[in-house]
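Working notes, structure below.
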Ligand SMILES: [Zn+2]
């Protein structure tokens, strides 16, 4: 009853197409769930993500749930997730991809899921990392640990070491460092981000994660541009 009244004044809309949701729909309407441009990379053993990172970073497997299209449904979803506080989108999409990945042998031996982090200042400003819910639900689906204390986003200035690294990674202007690396020694980790475009961010992450011993890395993102 109360929920009906709330819905009357604040009708729930689909976060992709912005049409009104039916009572039995949650966050993304049934039409959008059918229309969203899935890649199916993981079902087809497609090597697109490996090719994006070719010669820069070696990975076991890589997939993206959707193909990103400007002004499309996926852009709308990522915008809502990233800038409007709709973390439920990450939760739904993590469950979606997680349910699929757990049926694929290549993803059944993932030990831990690691989200691409935000710098702590940015985290404070936004209030959340848009990758968190998506990555948590992947970890849950794959029965893997969720580790957000291993890969850390650092600043671009200060120490000489950072300056050297900054020069190396100036394609993305992003710097990361590894902490508690014993937590991932000898493990197969799934590195998770919202969007892969040039691959520069993931490349920078993989470089520092490889400071751990005998690490295998696979990748999952919400979308690929
Ligand atoms: Zn919709």
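The values are calculated or read from the model by the stated rules, or taken from the named source; none is laboratory data. Given the structure is predicted, the values throughout are model-derived calculations rather than measurements. Here Cβ is always computed from backbone atoms with ideal geometry, including for glycine, and neighbour counts include all displayed protein chains.
Data overview
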| item | result |
| --- | --- |
| Residue list for region 202-225, restricted to those being surrounded by fewer than 23 Cβ atoms within 10 Å (Cβ to Cβ), touching a strand residue (DSSP E or B) at 6+ places or on another chain (Cβ under 9 Å) and not in a strand (DSSP E or B) | 206, 207, 208, 209, 210, 211, 212, 215, 225 |
| Residue match in region 104-113 (condition: assigned by TED's automatic domain parsing to the domain that holds residue 210, crowded, with 20+ Cβ neighbours inside 10 Å, within 13 Å of the chain's Cα centre (by Cα) and not in a loop (DSSP other than H, G, I, E, B)) | yes |
| Any pair with Cβ under 7 angstrom, 6 or more apart, that starts in region 63-80 at a residue that is more than 24 Å from residue 47 (Cα to Cα) and ends at one that is in a loop (DSSP other than H, G, I, E, B) and more than 12 Å from the ligand (Cβ to nearest atom) | 80/86 |
| Condition check for residue 53: in contact with a strand residue (DSSP E or B) (Cβ under 6 Å, 6 or more places away or on another chain), closer than 20 Å to residue 196 by Cβ and either without any contact (Cβ under 8 Å) to a residue 40 or more places away in the chain or more than 13 Å from the ligand (Cβ to nearest atom) (or both) | no |
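One line per residue, one yes/no per condition, for (1) exposed (fewer than 14 other Cβ atoms within 10 Å of the Cβ); (2) away from the ligand (no atom under 16 Å from the Cβ); (3) not assigned by TED's automatic domain parsing to the domain that holds residue 115:
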{"residue": "15", "(1), (2), (3)": "no, no, yes"}
{"residue": "26", "(1), (2), (3)": "yes, no, yes"}
{"residue": "46", "(1), (2), (3)": "no, yes, no"}
{"residue": "74", "(1), (2), (3)": "no, no, no"}
